[in-house]
Amino acid sequence: MNLPPAFALSRAQIVAQQILVRDAVTAVIEHTGNTEHLDALCAELAVATALRKLALAQIKTHLVPAEQLGALAVHLIEAEAALIGVKERHTRTGVVGCDHEQKQALLGLAAIVDTMRDNLPRRLWVLAIRSVFEKLR
């Protein structure tokens, strides 16, 4: 399976992905977002969720404590709820924007993914990315 370029794992591609996600969060916060921004955030959430599950299942393959991975669930659920709210707003009003609570959850998603990217092995990232994109087929 070929991975989409946005999910490549070279340092330059990681930075490009971080910028893409930050730009998407900024656009949603400023109420100037579009469906591409929503898609980027949904993909980031899906990969983060899959990565957390894989990391918990393979706890002996990295140094991140299970307690820390477990605690991420609450933040990922908050990010998911925020994205659902943003999508509902878009359906109702045609505007891709968020309220304060959703803003905090989306900013948290970007920070969580950065932390996971820095602390979990690339091998787990590849597995998480593949699992998400195989479901889309």
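The values are calculated or read from the model by the stated rules, or taken from the named source; none is laboratory data. The model shown is predicted, which means the values in this text are computed figures rather than measured ones. Positions of Cβ are backbone-derived with ideal geometry, glycine not excepted, and every protein chain shown enters the neighbour counts.
Side notes on the structure shown:
- The range 14-34 residues that are more than 14 Å from Arg89 (Cβ to Cβ) and assigned to a helix (DSSP H, G or I), paired with ones that are β-branched (Val, Ile, Thr) and modelled with pLDDT under 95 (beta carbon under 7 Å, 6 or more apart): Val21/Val113
- Looking across the range 62-75, the residues that are within 15 Å of Arg117 (Cα to Cα), in a helix (DSSP H, G or I) and in contact (Cβ under 8 Å) with a residue 12 or more places away in the chain come down to Leu69, Leu72.
- A single entry from Lys60, Lys135, Lys53 fulfils the requirement of being over 11 Å from the mean Cα position of the chain (by Cα), at pLDDT below 90 and either surrounded by 18 or more Cβ atoms within 10 Å (Cβ to Cβ) or not β-branched (Val, Ile, Thr) (or both): Lys135.
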